[in-house]
Amino acid sequence: MKVGEIASTNPQSTKILEEAGLDYCCGGHESLHDACAHAGIPAEQILARLRASRAEAGPADADWASAPLADLTRHIREKHHRYVREAIPRVRALAGKVHAKHGANHPEILEIERLFLLLGQEMIMHMQKEEQILFPYIEALERCVKAKEPLEPPFFQTVRNPIYAMMKEHDSAGELTKQIRRISREYAPPPDACASYQALYQDLREFEADLHQHVHLENNILFPRAVELEQGAF
Ligand SMILES: [Fe+2]
Ligand SMILES: [Fe+2]
């Protein structure tokens, strides 16, 4: 089974994959076996944790594999896009503060600040494109299919085109968070770190975890379901 499919089976599984450092969003196409081999973790150990969590979890809070796509796009906007928009100014202010205080002794902070600035700019543009172009089209597509009404072909011809572009941008954001993770030595503050330094690393860790869940919902659930729906519509 692919890592992205495992992440879709139950909400607890994303937490387990996250903790194990397995990439279930951009790298979701890998099999669990391959992903574990690359990360140097025994696959059996992860499988055992996933099985235990499934037994515990019971029914998922929202089964995004079958819920209306308009509910999923709303959930992504209200949970993840809102979080990203709130977190960016907070993390940037914190990074500026830590830079001013610790930049001389910890030059890596400058690089983290630069990478996060880039990541924030990319994410804002990216979410705007999703909210203004891709999501409204997916929602209209779903309405028309349900009402058995014809749909005007979009200017981008097929939903596959903006999806392809969005997935490229997800890869870029994933790459930037990986660099931040590496430079911060897995978000480990140095021994002389003040409370702001610690809060910055905690925020950056949270930002990455939210991005993984966000990209997972889009790459592994929303986008494949939209492609399938469009195939049946024309
Ligand atoms: Fe998004
Ligand atoms: Fe996205």
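The values are calculated or read from the model by the stated rules, or taken from the named source; none is laboratory data. Just so you know, these numbers come straight off a predicted model, no measurement behind them. In this analysis, Cβ positions are derived from the backbone assuming ideal geometry, glycine residues included, and neighbour counts consider all displayed protein chains. Calculation scope for accessible area: heavy atoms of the full protein, side chains included, ligands and nucleic acids excluded. Shrake-Rupley method; radii C 1.70, N 1.55, O 1.52, S 1.80 Å.
Looking only at residues in region 180-234 that are of a type in the set (Asp, Glu) and within 16 Å of ligand 2 (Cβ to nearest atom), the one that is nearest to the chain's Cα centre (by Cα) is Asp210. The number of residues in region 114-171 that are surrounded by 14 or more Cβ atoms within 10 Å (Cβ to Cβ) and of a type in the set (S, T, N, Q) comes to 1. The single condition among (1) part of a helix (DSSP H, G or I); (2) open to solvent by less than 40 Å² (accessible area, probe 1.4 Å) that Glu111 does not satisfy is (2). Close Cβ contacts (under 7 Å, 6 or more residues apart or on different chains) running from residues in region 194-207 that are among the small types (Gly, Ala, Ser) to residues that are open to solvent by less than 10 Å² (accessible area, probe 1.4 Å) and assigned to a helix (DSSP H, G or I) comprise Ser196/Val98. Counting only helices (runs of 4 or more DSSP H) that sit completely within region 1-90, those holding 3 or more residues that are touching a residue at least 40 places away in the same chain (Cβ under 8 Å) correspond to 3-9, 11-19, 43-57, 69-75.
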